[in-house]
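Each remark here refers to the structure printed beneath this line.
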Amino acid sequence: MSQRSGLPIGVFDSGVGGLTVLRELRRQLPAESTVYLGDEARMPYGPRPAAEVLEFTRQAMRWFASRGCKLVVIACNTATSAALEAVRDESAVPIIGVVRPGAAAALAASARRAIGVLATVGTVRSGAYVRAVRDLDPFADVVQRACPKLVPLVEAGRAGTPEALAAVREYVGPLLSEGGVVTPVVDTLLLGCTHYPLLREEFAAVAGPAVRVVDSATTTALAVREVLASHRLLAGEGRPTHEVCATGPVARFRDVARTIFGEDLPEVSGVALAGP
Ligand code: DGL
């Protein structure tokens, strides 16, 4: 085992939503130390132009490199879609995104290879999920839908309300019964945004039992484990450390995290990201 194996895994998101991915990583890899960075000051990324998201992600990757991480997970779907390929070429630290693991999860779940992707405006515009699914299975049918109301709803703590259910129905309904077809058009819904797993009950209720609902957190953590194992970089014995950092007012980050997850984060450090 090399010294590098003891370094933390970096987890990047536009805000608090990536804590869903961090949670799964910690569940699957309890020996690993982690450093989480949420760019809360500039969240949401979803409606921003791709070039802006790329620049923000670049800044974040430089920050992780300066922190000495052995691997960085871009937990944000919008940042993965806009920036993964470019920052991978530029960064000294290896980087994993959530889009390919999400696409793999959807294909594994889908019997008919008919997948509906729900994501932010930026992710949908990039077409990253459609490409990733078709790279893995060129026969697959993929439709996608931007759901701009859902992130603000989750952040406001309105998951589980009739309003959230109505919004999910508005977005998902057309993917299930386009043109009045009775059988669902898609047999799998891929939740391509950090916040949507927090509306899983709404998605499941609207989709019904014939449609599977999947997200990328489990398969991303699996991909992290596989890549670290293959490079003999899994952490050994010892006490893992976990750090949570955010740009902007730390109090706001903690508040949103509490609203969404219903629990207090131990400590959040404020950081500033440097421009070019
Ligand atoms: N983290 C973003 C994503 O997964 C959602 C929140 C945002 O728009 O910044 O696409």
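The values are calculated or read from the model by the stated rules, or taken from the named source; none is laboratory data. Keep in mind that what you see is a predicted model, and the values were worked out from it rather than measured. Note that we place each Cβ from the backbone using ideal geometry, even for glycine, and neighbour counts take in every protein chain shown.
Could you say whether any residue in the stretch 211-225 is more than 22 Å from the chain's Cα centre (by Cα) and among the charged types (D, E, K, R)? Write out each step before concluding.
Of all residues in the stretch 211-225, those more than 22 Å from the chain's Cα centre (by Cα) come to none.
So far as the stretch 211-225 goes, no, none of its residues is more than 22 Å from the chain's Cα centre (by Cα) and among the charged types (D, E, K, R).
Residue 46 satisfies every condition listed in (1) free of Cβ contacts under 8 Å to residues at least 12 places away in the same chain; (2) under 13 Å from the mean Cα position of the chain (by Cα) except (1). Which of the residues that make up the stretch 31-45 are outside any strand (DSSP E or B) and within 16 Å of the ligand (Cβ to nearest atom)? Listed by number, the residues that qualify are 39, 40, 41, 42, 43, 44, 45. Residues of the stretch 144-156 being at pLDDT below 95 and surrounded by fewer than 15 Cβ atoms within 10 Å (Cβ to Cβ), which ones? Hit for the stretch 144-156 is 156, nothing else.
The stretch 54-159 holds strands (runs of 3 or more DSSP E) entirely within its bounds, and those carrying 3 or more residues that are within 18 Å of residue 203 (Cα to Cα) and away from the ligand (no atom under 15 Å from the Cβ) map to 114-119.
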